[in-house]
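Accompanying notes for the structure given below.
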Amino acid sequence: MEEIIVIGGGGHAKVVISVLKKIGKYKIIGYTDIKNQGPILGIEYIGTDEEINNYNVSMAAIGIGVLENFKIRHKIVNNYIKKGFTFPSILSPYAIVNEDVSIGEGTVIMDGVVINSGTSIGNFSIINTRSSIDHDCEIGDFVHIAPGVTLSGGVQIGSNSLIGIGSTVIQYKTIAENCIIGAGAVITKDCLESGKYAGIPIKRIYE
C-alpha cells in the first residue's frame, strides 16, 4: 500500500480520510494540524506541518476545505511541494467518472459525484459530495464545487472560485477566476468579473 498523510484535522479532512480508506490502496500514516484534534476515524495526529519531516513519507492529500482567502490554501500546498511531497488525485469509488475526463493532481472527488465525458478538472480542486458535472466542462485549479451543485454541459469555471452548495449553472456559461457563488444560486449568464455573486437569477453583489 502507498503511504500518505492528510493535511488538516477538521471536518473536510474527516471526509478525505473516509474516501482514502474506501479506495483501499493507501496506508494513512496520520494527519497534520496546528493542534492535536485527537484521533479522526482512527487516524492519529502526527504534528504540525513543520514537524512532518520526522516521517519517511512523501505523498499527501489536502484535507483543508476552501477558505475565504484562497492564498492560504495555495501557501500550504506550495510548502509541501517544496518539501518534496506529491499529491495524487483522489477519486471516491462511489463517484461516477466517465471516459475522456482529466483530473489534475491533488484534486479530490467525493462520494456520489457524477462527471461526464469531455470534462477537464485542474489541480487541487474539490468536487464535493453529490455534485454533478456534465459533458465538456472546464474547471480550473483550486476550485471548490460544493455539495449538490449542478453544472450543465460546456460550463467553464476559472481558478480559485467557489460554487456554493446547491447552485445550478446552465449550459455553456463562464465563471471567472476568484469568484464566490452563493448557496442555491442559479447562474443563467456569464460571471466575467471576479467577486461575489448570489441570487436567482445570479447577480454580482460586491467585489
Quiz item: Helix 70-82: angle to the longest alpha-carbon principal axis of the chain, degrees 0 to 90, nearest 10?
Solution: 40 degrees
Exercise. Would you work out the charge dipole size for the range 2-82 about its Cα centre, treating the Cβ of every Lys and Arg as +1 and the Cβ of every Asp and Glu as -1, and quote it to the nearest 20 debye?
Key: 280 debye
Quiz item: Helix 11-23: angle to the longest alpha-carbon principal axis of the chain, degrees 0 to 90, nearest 10?
Solution: 80 degrees
Quiz item: To the nearest 20 debye, what is the magnitude of the charge dipole of the chain about its Cα centre, counting +1 on the Cβ of each Lys and Arg and -1 on the Cβ of each Asp and Glu?
Solution: 420 debye
Quiz item: Taking amide hydrogens as modeled 1.01 Å from N in the peptide plane, which residues meet the under 5 Å criterion relative to I157, leaving out close sequence neighbours?
Solution: E138, I139, G140, I175
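Going by how many other beta carbons lie within 10 Å of each one, how would you line up D33, D190, fewest first?
Placing the least packed residue first, the sequence is D190, D33.
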Quiz prompt | Ranked M110, M1, M59, criterion: other C-beta atoms within 10 Å, fewest first | solution = M1, M59, M110
Exercise. Give the residue from Y172, I127, I81 lying farthest towards the positive end of the charge dipole for the chain; charges sit on Cβ (+1 for Lys and Arg, -1 for Asp and Glu) and the dipole is referred to the Cα centre.
Key: I127
Quiz item: What size of dipole, in debye to the nearest 20, comes out for the range 114-198 about its Cα centre when the only charges are +1 on Lys and Arg C-beta atoms and -1 on Asp and Glu C-beta atoms?
Solution: 260 debye
Quiz item: Roughly speaking, what is the stretch gain from Y206 to S194, that is 0.36 nm per residue apart minus the C-alpha to C-alpha distance, in nm to one decimal?
Solution: 3.4 nm
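May I ask you to list the chymotrypsin sites (Phe, Trp or Tyr not before Pro) in the range 108-184 that are in a DSSP loop and have at most 13 other Cβ atoms within 10 Å of their Cβ? Can you show the working numbers first?
Values: sites: F124, F142, Y172; in loops: F124, F142, Y172.
Answer in residue order: Y172.
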Quiz item: Working out 0.36 nm times the residue gap between I170 and H74, then minus their Cα-Cα distance, what length gain in nm do you get to one decimal?
Solution: 31.6 nm
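For S102 and T48 in the same chain, what is the full-extension length gain: residue separation times 0.36 nm, less their Cα-Cα distance, in nm?
Roughly 16.2 nm would be gained on extension.
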Quiz item: Taking the range 1-129, how much of its Cα-Cα pair set, in percent, is spaced more than 19 angstrom apart?
Solution: 46 percent
Quiz item: In the range 2-82, with Lys and Arg counted as +1 and Asp and Glu as -1 at Cβ, which of these residues, I46, V19, I4, has the Cα nearest the positive end of the dipole, that is, farthest along it?
Solution: V19
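Quick note: the coordinates plus some simple rules give every number you see, no bench work behind them. Just so it is clear, the structure is predicted and the values come from calculations on it, not from any experiment. Glycine also receives a Cβ, built like all others from the backbone with ideal geometry; neighbour counts cover every protein chain displayed.
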